[in-house]
Every structure is written in structure tokens, then in C-alpha cells.
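Everything on this sheet refers to the single structure shown next.
The values are calculated or read from the model by the stated rules, or taken from the named source; none is laboratory data. Please read all numbers here as calculations on a predicted model, not as lab measurements. Here the Cβ positions follow ideal geometry from the backbone for every residue, glycine too, while neighbour counts run over all protein chains shown.
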Amino acid sequence: MSELHWKTSITDVKPNKINMRGYPVDKLMGRISFAQAIYLVLKGEFPTPEVGKLIDAIFVSSVDHGASPPSVLAARTVASTGAELNSAIAAGVQAISRFHGGAIEEGMKIFLEIARRMEEKKASEEEVVPQVLEEMKKKKKRVSGFGHRIHTKDPRTKKLFALAEELGFAGKYIRIALAIEKYLESQLGKSLPINVDGAIAALLCELGISPEIGNAFFIIARVPGLVAHIHEEKTRMKPMRKIHPQDYEYDGPEERDIE
């Protein structure tokens, strides 16, 4: 066997056959959702309908957040130069980092560390959260997944946690997130709400997702929104324009009910 020989456990492709994690792709088509397929390829396990519904809600929660996020501004700026779609998408994705959409991984690591200490010390989240946050404060480390520049109570967080409760996934990591929110408010004298990144971090911990791929859930979710903004930039705006990050006006449909 060649020294260049290597192995993969993700997808087996042979003439007229594609098996992803052991499942024929053509038999998955029409039977599972895109969210369930993403879970399968990332985790290597077939998801339950409940897991698929929660993952789907996570993706919907982050598909777009207006014209002002750095990822959208980056994508629109590159699109304005006449660059191809893939280049503009890449620019937007590159802007997703620690302070914008990239807080999921860090939030997961904090939640997992708190859970580990709770288990080790046989203590509650109310006992362990202050210890961990004080240690972080001394090291001048920021708690990821809390606070928002627009929302005082992120509506996406409330919905995601309610769905987790409904589907049977509301466990210790959501309790840890809520304990952190409560402790931060008591220390700062103002609310630092769990934002969508923090909510997703808690839910991915509940689902046993590795924190190293946590940010992928925001990236996967946001790409369709970036595509919409890029297309609008190319079809509606003049090329090479100066894009102001705040001086814009929404002129789409008014709020409407879902049938």
C-alpha cells in the first residue's frame, strides 16, 4: 500500500452509488431535511426528527440579520466591485469571527468547562458560574454569547429555548447559560441578554456537538443571507459605491403573518 494512502469515513463514492455516513444519498433525498443531512454529515449519526427540527430552527435563526453586520458589509463591498459571487461570499464569511457570529465556539467551551466543574465538584451552576466568571474577569477575558448591540432581549433566544423545551433538549447547558445571564446582570447592574450565538452554543452543547465546529452552524446559516445581499447589491445598486454602514432604509414588505 502506498505511503500516500489515506482514509475518510464521511462519504463513499463508487460508480452509480453515493453513501454518506453509510446511507445512500438517493434514499435520503425526499426523506430527510437539509438540516438533518447536515447533522448526519457532521456527526456521523442519523438524527431524530426532533434533532432535525432543532437544528433547522438554529439555521433559520441566523439566516440574516439586516444590512449592517460586518459580514454583509464585506460581502456587499466586494460585490460592488464587480467580483464574482464566490468571491463576495468568501469576503462575507471571512468577516465572521470572534465578535460577529464566531462566539459560538468560545461560548460552548465556557459552558462545557462550567459543566465539567459542576460534575467534578458535585455543585450547582449557581455555585460554579461565579467562580469561572471571576477567573475570566481576572484574565480580562470576555464572556462570549452575551449582550447585543440592538436587542435587549433577543427574540431568537427565547424561541430557541422554548423549542428546546418542547423537543426535550432543555438541559444543564441552557441552565448554565441562564445562570451566567443572571450573574452578569447582578454584577453589572444591567442586562446582558443571551444573544443568538450564546443560545446556539447552549443548544449545540445539549446535542453533543464538538465546539470546534460550533461556528460552522452560524456560517452555514448565514450564507443564504449573504447571497441575497450580494444579488441585491449587483442588481439594484451602482457599482463601486460608498457603502455607509448605518445610513440605509428598509423598503421591503411590512410585517406579515405566517399562514
Segment 216-252: number of residues that are part of a loop (DSSP other than H, G, I, E, B) and within 19 Å of P70 (Cβ to Cβ): 10
Output for segment 51-78, where each listed residue is farther than 30 Å from M237 by Cα, of a type outside the set (D, E) and under 14 Å from the mean Cα position of the chain (by Cα): L54, I55, A57, I58
Within the set of pairs 6 or more residues apart or between chains, which connect a residue that is in the same structural domain as F146 (by TED's automatic domain parsing) and of a type in the set (S, T, N, Q) inside segment 106-124 to a residue that is part of a helix (DSSP H, G or I) and modelled with pLDDT of 95 or more with Cβ atoms less than 8 Å apart? S124/M118
Checking V129 against (1) crowded, with 20+ Cβ neighbours inside 10 Å; (2) part of a loop (DSSP other than H, G, I, E, B): exactly one of these is not met. Which one? (2)
Which pairs have Cβ atoms under 6 Å, sit 6 or more apart or on different chains, and link a residue in segment 144-156 that is part of a loop (DSSP other than H, G, I, E, B) to one that is among the small types (G, A, S)? S144/A103; S144/G107; G145/A103; G145/G107; G145/G198; G145/A201
Name the one entry in I32, I58, I38 that is surrounded by 15 or more Cβ atoms within 10 Å (Cβ to Cβ), of a type in the set (A, V, I, L, M, F, W, C) and within 15 Å of G225 (Cα to Cα). I58
Determine the pairs where a residue that is closer than 13 Å to A74 by Cα, located within segment 236-249, has a partner that is of a type in the set (A, V, I, L, M) and surrounded by 10 or more Cβ atoms within 10 Å (Cβ to Cβ) with Cβ atoms under 7 Å apart, the partner being 6 or more residues away or on another chain. I243/L73; P245/L73
Flag if S191 is surrounded by fewer than 16 Cβ atoms within 10 Å (Cβ to Cβ), more than 14 Å from the chain's Cα centre (by Cα), assigned by TED's automatic domain parsing to the domain that holds A95 and touching a residue at least 12 places away in the same chain (Cβ under 8 Å): yes
For the condition of a type outside the set (A, V, I, L, M) and not assigned by TED's automatic domain parsing to the domain that holds V128, what is the one hit in D247, D154? D247
Go through segment 2-27 and count every residue that is modelled with pLDDT under 95 and either assigned by TED's automatic domain parsing to the domain that holds P224 or in contact with a strand residue (DSSP E or B) (Cβ under 9 Å, 6 or more places away or on another chain) (or both). 0
Could you run through segment 16-49 and say how many residues are among the charged types (D, E, K, R), in contact (Cβ under 8 Å) with a residue 24 or more places away in the chain and out of contact with any helix residue (DSSP H, G or I) (no Cβ under 7 Å at 6 or more places or on another chain)? 2
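Each row is one residue, and each column tells you yes or no for (1) outside any loop (DSSP other than H, G, I, E, B); (2) closer than 18 Å to G214 by Cβ; (3) not assigned by TED's automatic domain parsing to the domain that holds I213.
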| site | (1), (2), (3) |
| --- | --- |
| Y39 | yes, yes, yes |
| L42 | yes, yes, yes |
| L54 | yes, yes, yes |
| A57 | yes, yes, yes |
| G66 | no, no, no |
| V78 | yes, no, no |
| A83 | no, no, no |
For segment 162-192, give me the residue count where each residue is in a loop (DSSP other than H, G, I, E, B) and within 20 Å of E50 (Cα to Cα). 4
Quick check on this structure: which one of G66, G92, G82 is surrounded by fewer than 18 Cβ atoms within 10 Å (Cβ to Cβ) and either closer than 30 Å to S144 by Cβ or without any contact (Cβ under 8 Å) to a residue 24 or more places away in the chain (or both)? G66
